Amino acid sequence: MRRFDDAVARMLSRAEITERAATQGFPHFADQNTGEWTLSPDGNWTGGFWGGLLALGAATTGESRYAELAGDIARRLTVRASSETAFRGFLFFYGAGVAYLTGKSAPARESALAGARGLAASFNHDAGVIPLGVEAEEADAVGQGAANIDAVPGTVPLLAWAAAELHQPELTEIARRHAERHIEYCVRTDGSVCQSAAFDEGSGALVRRYTHKGLDDDSTWARAQAWAMLGFGQAARWVSPDFLDTALTVADWWLEHLPEDHIAPWDFDAKAPQDTSATAIAAASLLKLSVLAPDRTHYRERALAMVDALVTRFLTPVGEGDTRPAGILTGGCFDYRRDLATDNELVWGDYFLMESLLVLRGVIEATAL
Ligand code: GLY
């Protein structure tokens, strides 16, 4: 595991640079050659992963400096608790919940609870789902009757955790109904996942499936598959073991379709370019599922091979004639359809690689997050 210790050290050196660059906003994506970050002023849907990365830095080093920085991110995100976007699950579980769950940070707890209350207030009780929301990244040209698989991870554990903290079991019920709806909306009969769905706002009935970021409505965008593995795995851990079958089905589809080099293409029907961020999300998910379903021993082995490929081939090295800053996870594809950051460092890719590395090194439990 020395290779993985070294990878964590490189990623922490990268985090030091990121921290100095991100005082006026939140890291979103970076040029993988120069290391220069594009920031988002309010955290967009991605800013929470920066706080989560810092919290993991605190967990692995024990240094209070990282914990203070993570607490600061959680505080800065609190203003987003009332943003009309289902992606508050990403913002507040990763940007605040992770700091609380790994370090018991009091300001992070308050921020995470504010995010959970805001998400619960957006629940459509008739339809049984938290809609994508008018402020969500993909929400231009969609109304209140839109849903995305990316709104399950983060959201489900945040609500279930808040239910226990606040003694409000109705929050777990919202998480359960929200996750169940997304099985119906997004999981195809063969176990592949479609990103988006339109639903009837009055009944919640599925109207049609489509994609915002994949190749086409019938293809399988790699991050849709990876977010489903994570979201239903978290639902199995935080809400009910009833979600485990779905989580294993979508994970098996991923493993059956992953190329031999262990790195997913941005869309499984497009082949190239690759998306290392999807691969990092899937690795973190497989590590959780290997604990939740102990008979799936190969999940941990496959996750290890994926992490090894990311570290060996995509994480920039220290020196040795390489002019790039060390510790950048290269090869992330943000949005191929819109030609946005298609071969870049992506802040959530960094987060899930770090989470996977810390699980494999025994620093954190896979199912803690
Ligand atoms: N909206 C989440 C993603 O692009 O993966």
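The values are calculated or read from the model by the stated rules, or taken from the named source; none is laboratory data. In this text, all values refer to a predicted model and were calculated from it rather than measured experimentally. For neighbour counting, all protein chains shown are included, and Cβ atoms are generated from backbone atoms with ideal geometry for every residue, glycine included. When the accessible area is computed, the model is the full protein with side chains, heavy atoms only, and any ligands, DNA or RNA have been set aside. Shrake-Rupley method; radii C 1.70, N 1.55, O 1.52, S 1.80 Å.
What the table shows:
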read-out	value
Residue selected from region 84-112 under the condition within 16 Å of the ligand (Cβ to nearest atom) and part of a loop (DSSP other than H, G, I, E, B), by the criterion farthest from Thr155 (Cα to Cα)	Glu84
Criterion violated by Ala114 - all others in (1) touching a Pro at 6+ places or on another chain (Cβ under 9 Å); (2) open to solvent by 10 Å² or more (accessible area, probe 1.4 Å) satisfied	(1)
Counted residues, region 340-369 - those being within 13 Å of the ligand (Cβ to nearest atom) and over 23 Å from Pro27 (Cα atoms)	0
Where a residue in region 325-339 is farther than 16 Å from Leu215 by Cα and away from the ligand (no atom under 16 Å from the Cβ) and its partner, wherever it lies, is of a type in the set (D, E, K, R) and not in a loop (DSSP other than H, G, I, E, B), with Cβ under 8 Å and at least six apart	Pro325/Arg14; Ala326/Arg10; Ala326/Arg14; Gly327/Arg10; Gly327/Arg14; Ile328/Arg14; Ile328/Glu345; Thr330/Glu345
Breaking point among (1) in contact with a Phe, Trp or Tyr (Cβ under 8 Å, 6 or more places away or on another chain); (2) surrounded by fewer than 22 Cβ atoms within 10 Å (Cβ to Cβ); (3) not in a helix (DSSP H, G or I), for Ala81	(3)
Any hit, region 137-152, residues being at positive phi and surrounded by 17 or more Cβ atoms within 10 Å (Cβ to Cβ)	no
Qualifying residue in region 99-122 (condition: closer than 30 Å to Ala15 by Cβ, touching a residue at least 60 places away in the same chain (Cβ under 8 Å) and not polar (S, T, N, Q))	yes
Residue match in region 20-34 (condition: open to solvent by 10 Å² or more (accessible area, probe 1.4 Å), part of a helix (DSSP H, G or I) and not aliphatic (A, V, I, L, M))	yes
Selected residue (criterion: farthest from the ligand (Cβ to nearest atom)) from residues of region 190-212 that are assigned to a strand (DSSP E or B), touching a residue at least 24 places away in the same chain (Cβ under 8 Å) and in contact with a helix residue (DSSP H, G or I) (Cβ under 6 Å, 6 or more places away or on another chain)	Ala197
Positions within region 113-138 being outside any loop (DSSP other than H, G, I, E, B) and either polar (S, T, N, Q) or within 16 Å of the ligand (Cβ to nearest atom) (or both), in sequence order	Leu119, Asn124
Residue within region 7-18 that is surrounded by fewer than 24 Cβ atoms within 10 Å (Cβ to Cβ), modelled with pLDDT under 95, more than 19 Å from the chain's Cα centre (by Cα) and not charged (D, E, K, R) present	no
